[in-house]
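Remarks on the structure that follows.
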Amino acid sequence: MRKRTLQRGLTGFWWLTVAFLYLPLAVVVLFSFNASNSAASFSGFSWRWYHRLLGNEEILSAFANSMVLAITSSVIALAIGCLIGYGMYRHRHRKLGWLIVLIYLPIVLPDIVFGISEMAFFVQIHDWTGLLQPGLGTMIIAHVTFQIPFVALIVYSRFVGLDPTLFEAAKDLYATPLKRVVHFMLPTIKPALISAFFLSFTLSIDDFVISFFTSGPESATLPIYIWGAIKKGVSPEINAIAALMIGAVAVAATISLAFSRRRLT
């Protein structure tokens, strides 16, 4: 009897936690369909704010910047992080404690500290050389720097889960280094690579603080645009943007989770 009561209590706590996490998002999505320009009362369903959204050039420009930033930085981070992850695996028997600290540092470092340091670095480089003027380029570099550790750790965990004799078997079959990469390593870690890419994509789309400190006047992303527009009040148009971002991040996170589970099976 006590066990059943405990299970029911834990189940109820679980559903309360889920409701606490997702009901605010559901409210945002609901009010994006509000027929009236009100953030306090819902007067009926309407697609007017989504139609208005598609006709707003500033929002479309911010959306394009977000996509270019997320895709470009994720591809670059995937390539570099994959090499780092494999290097960590190859030299895992050495004392690499300092390297692990360097890998984890961008993950645990507060975003505002990371963003300010990136901004100061880019400004200094621009003063010295005239390069790295704040804009989409500096944002891509900044995003790559905090995406690489996630990719490296995911790829490293995949290699650690492999049977070490598989590498020796590939050598015994006289496969060249290039063939081992193309026909053995890449197909084996493909789920991890796809998972790492979509995780990087999600982190980039979701980021505001680092993007804010490294952006230029013509490189505003959706989070930056929302932050500026919300100063005038929360309108259903802002809710519509937020709803689309929630959907995009949810799809990317679902794909990443699916490939992560496939990687573990």
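Points to keep in mind about this one:
- Cβ-Cβ under 7 Å pairs, at least 6 apart or on other chains, the range 185-212 side among the charged types (D, E, K, R), far side assigned to a helix (DSSP H, G or I) and open to solvent by 30 Å² or more (accessible area, probe 1.4 Å): ASP206/VAL249
- Test: LEU132 is crowded, with 16+ Cβ neighbours inside 10 Å, of a type outside the set (Val, Ile, Thr) and not in a helix (DSSP H, G or I): yes
- Residues of the range 196-244 satisfying the condition of being of a type in the set (Ser, Thr, Tyr) and under 25 Å from GLY115 (Cα atoms): SER200, THR202, SER204, SER211, THR214, SER215, SER219, THR221, TYR225
- Residue in the range 22-31 that is aromatic (Phe, Trp, Tyr) and not in a loop (DSSP other than H, G, I, E, B) present: yes
- Residue in the range 19-32 that is over 26 Å from THR214 (Cβ atoms), open to solvent by less than 90 Å² (accessible area, probe 1.4 Å) and modelled with pLDDT of 85 or more present: yes
- Given (1) within 23 Å of the chain's Cα centre (by Cα); (2) modelled with pLDDT under 85; (3) surrounded by fewer than 19 Cβ atoms within 10 Å (Cβ to Cβ), number of the condition ALA220 does not satisfy: (3)
- Within the range 137-156, not a single residue is at pLDDT 80 or above, among the hydrophobic types (A, V, I, L, M, F, W, C) and part of a loop (DSSP other than H, G, I, E, B).
The values are calculated or read from the model by the stated rules, or taken from the named source; none is laboratory data. Note that the coordinates shown come from a computational prediction; the quantities given were computed from them, not determined experimentally. So basically every Cβ, Gly included, is an ideal-geometry build from the backbone, and we count neighbours across all protein chains shown. SASA here: full protein model, heavy atoms, side chains in, ligands and nucleic acids out. Shrake-Rupley method; radii C 1.70, N 1.55, O 1.52, S 1.80 Å.
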